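Colleague: Sending over a structure as structure tokens; questions will come in a sec.
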Amino acid sequence: MICPECGLVVVYRKVALAEFTVDSLHGDRVIDVGSEWRTFSNDKATKDPSRVGDSQNPLLSDGDLSTMIGKGTGAASFDEFGNSKYQNRRTMSSSDRAMMNAFKEITTMADRINLPRNIVDRTNNLFKQVYEQKSLKGRANDAIASACLYIACRQEGVPRTFKEICAVSRISKKEIGRCFKLILKALETSVDLITTGDFMSRFCSNLCLPKQVQMAATHIARKAVELDLVPGRSPISVAAAAIYMASQASAEKRTQKEIGDIAGVADVTIRQSYRLIYPRAPDLFPTDFKFDTPVDKLPQL
């Protein structure tokens, strides 16, 4: 965009420049802090097209603005003894290196279960706070990172189960649970209690169940909690039992094993919760539900 008054070319990434006045553009000096990319046709084969490095990272001590010299590839990059002529004189601090490794692990775990970028950012911030407080000394950084990811998911309203986090990390469920409690205490923060509705949509989607069955399962689980039919049962096991009951009453039936594999609970856990809600089954279904199998014909287990 060309300024109509001074003739300067003003460019900024993904910003509607029409909303800014000339004074605001020049006075605030809007700067693009993203990476600059090469546009030369003869450099298409290079792996990293970035010419000025990555964007600023506020989570690191120096904003990650230090220059790192890459490994040379041509003969001119090495001396007669095979040593690199250009070396990094200033290396990254040990704390920054530990955080960078943790951030990479967090990004990898989030990618494996398709979590959005805002979850990764919140997890990185949580890890940085815990790491700088040194309140979890003796705990592995991978365990802290896994627990931070679990907390971030719950705080952002998209909770994941401990088993789902364990599946994408190398840490046991027991260790993640310990770190989870220690982090909440150290940061003096809290998370909302999980409910059956937090998992229902995702479980039903993974089971390829229609919307009607999902709505029925949600209604069954909510009514079961309201009527206090499942005291002491985890919301995940109640959700799994509700899905089993709703699917058995519809044409899209799913087995206990299929539901257990998606929900991460054992078949016996589903049966125990199902037995608690089965006697009140007629009161749990929504009034407009279209039964393929009548209530009195549902499995009794």
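Colleague: Return the residues of the range 158-181 that are in contact with a Phe, Trp or Tyr (Cβ under 9 Å, 6 or more places away or on another chain) and of a type in the set (S, T, Y); say none if nothing qualifies.
Modeller: Answer for the range 158-181, where residues must be in contact with a Phe, Trp or Tyr (Cβ under 9 Å, 6 or more places away or on another chain) and of a type in the set (S, T, Y): just T161.
Condition check ((1) closer than 25 Å to E226 by Cα; (2) touching a helix residue (DSSP H, G or I) at 6+ places or on another chain (Cβ under 7 Å)) across all residues:
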site: A167; (1), (2): no, no
site: R170; (1), (2): no, yes
site: C179; (1), (2): no, yes
site: T195; (1), (2): yes, yes
site: L209; (1), (2): yes, yes
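Colleague: If you go through the range 135-155 one residue at a time, do you hit one that is acidic (D, E), within 17 Å of A98 (Cβ to Cβ) and surrounded by 15 or more Cβ atoms within 10 Å (Cβ to Cβ)? Steps first, answer last, please.
Modeller: Narrowing the range 135-155 to residues acidic (D, E): 142.
Okay, now just the ones that are also within 17 Å of A98 (Cβ to Cβ), so 142.
Those left that are additionally surrounded by 15 or more Cβ atoms within 10 Å (Cβ to Cβ): 142.
Within the range 135-155, one or more residues are acidic (D, E), within 17 Å of A98 (Cβ to Cβ) and surrounded by 15 or more Cβ atoms within 10 Å (Cβ to Cβ).
Colleague: Related question: Would you list the helices (runs of 4 or more DSSP H) that sit entirely within the range 208-301 and hold 1 or more residues that are more than 22 Å from K163 (Cβ to Cβ) and in contact with a Leu (Cβ under 8 Å, 6 or more places away or on another chain)? Break it down into steps so the answer makes sense when it comes.
Modeller: Details: elements: 211-226, 235-249, 256-263, 267-277, 281-284.
The helices (runs of 4 or more DSSP H) meeting that bar are 211-226, 235-249, 267-277, 281-284.
Colleague: Here is a list of conditions, (1) assigned by the TED database to the domain that holds P235; (2) open to solvent by 10 Å² or more (accessible area, probe 1.4 Å); (3) of a type outside the set (K, R), and A167 meets all of them except one; can you say which number that is?
Modeller: Only one criterion in (1) assigned by the TED database to the domain that holds P235; (2) open to solvent by 10 Å² or more (accessible area, probe 1.4 Å); (3) of a type outside the set (K, R) is unmet by A167, namely (1).
Rundown of residues vs (1) over 19 Å from R233 (Cα atoms); (2) outside any helix (DSSP H, G or I); (3) within 14 Å of the chain's Cα centre (by Cα), yes/no style:
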| site | (1), (2), (3) |
| --- | --- |
| R160 | no, yes, yes |
| L182 | yes, no, no |
| K185 | yes, no, no |
| F199 | no, no, no |
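Colleague: OK, next. Any chance you could count how many residues in the range 99-124 are surrounded by 14 or more Cβ atoms within 10 Å (Cβ to Cβ) and closer than 19 Å to I176 by Cα?
Modeller: Looking only at that region, the number is 15.
Colleague: Return a yes/no flag: does the range 186-197 have any residue that is of a type in the set (S, T, N, Q), in contact with a Lys or Arg (Cβ under 9 Å, 6 or more places away or on another chain), open to solvent by 10 Å² or more (accessible area, probe 1.4 Å) and over 23 Å from A98 (Cβ atoms).
Modeller: Of all residues in the range 186-197, those of a type in the set (S, T, N, Q) come to 189-190, 195-196.
Narrowing the set further to residues that are in contact with a Lys or Arg (Cβ under 9 Å, 6 or more places away or on another chain) leaves 195-196.
Subsequent filtering for residues that are open to solvent by 10 Å² or more (accessible area, probe 1.4 Å) retains 195-196.
Adding the requirement that they be over 23 Å from A98 (Cβ atoms) leaves 195-196.
Yes, the conditions are met somewhere in the range 186-197.
Colleague: Looking at (1) over 28 Å from the mean Cα position of the chain (by Cα); (2) over 30 Å from S146 (Cα atoms), which is the one condition that is false for P231?
Modeller: Unmet for P231, out of (1) over 28 Å from the mean Cα position of the chain (by Cα); (2) over 30 Å from S146 (Cα atoms): (2).
Colleague: Within the range 238-280, how many residues turn out to be open to solvent by less than 10 Å² (accessible area, probe 1.4 Å) and farther than 22 Å from D198 by Cα?
Modeller: Number satisfying all stated conditions: 2.
Colleague: Let me ask you something else. Just the residues that are under 15 Å from S234 (Cβ atoms) and more than 14 Å from the chain's Cα centre (by Cα), please, taken from the range 164-179. Even if it seems obvious, please write down each step before you answer.
Modeller: Filtering the range 164-179 down to residues under 15 Å from S234 (Cβ atoms) leaves 164, 173, 177.
Listed by number, the residues that qualify are K173, G177.
The values are calculated or read from the model by the stated rules, or taken from the named source; none is laboratory data. Please read all numbers here as calculations on a predicted model, not as lab measurements. As a convention, Cβ positions derive from the backbone with ideal geometry for all residues, glycine included, and neighbour counts pool all protein chains shown. Each accessible area value is taken on the protein alone, full model and side chains, heavy atoms only, with ligands, DNA and RNA left out. Shrake-Rupley method; radii C 1.70, N 1.55, O 1.52, S 1.80 Å.
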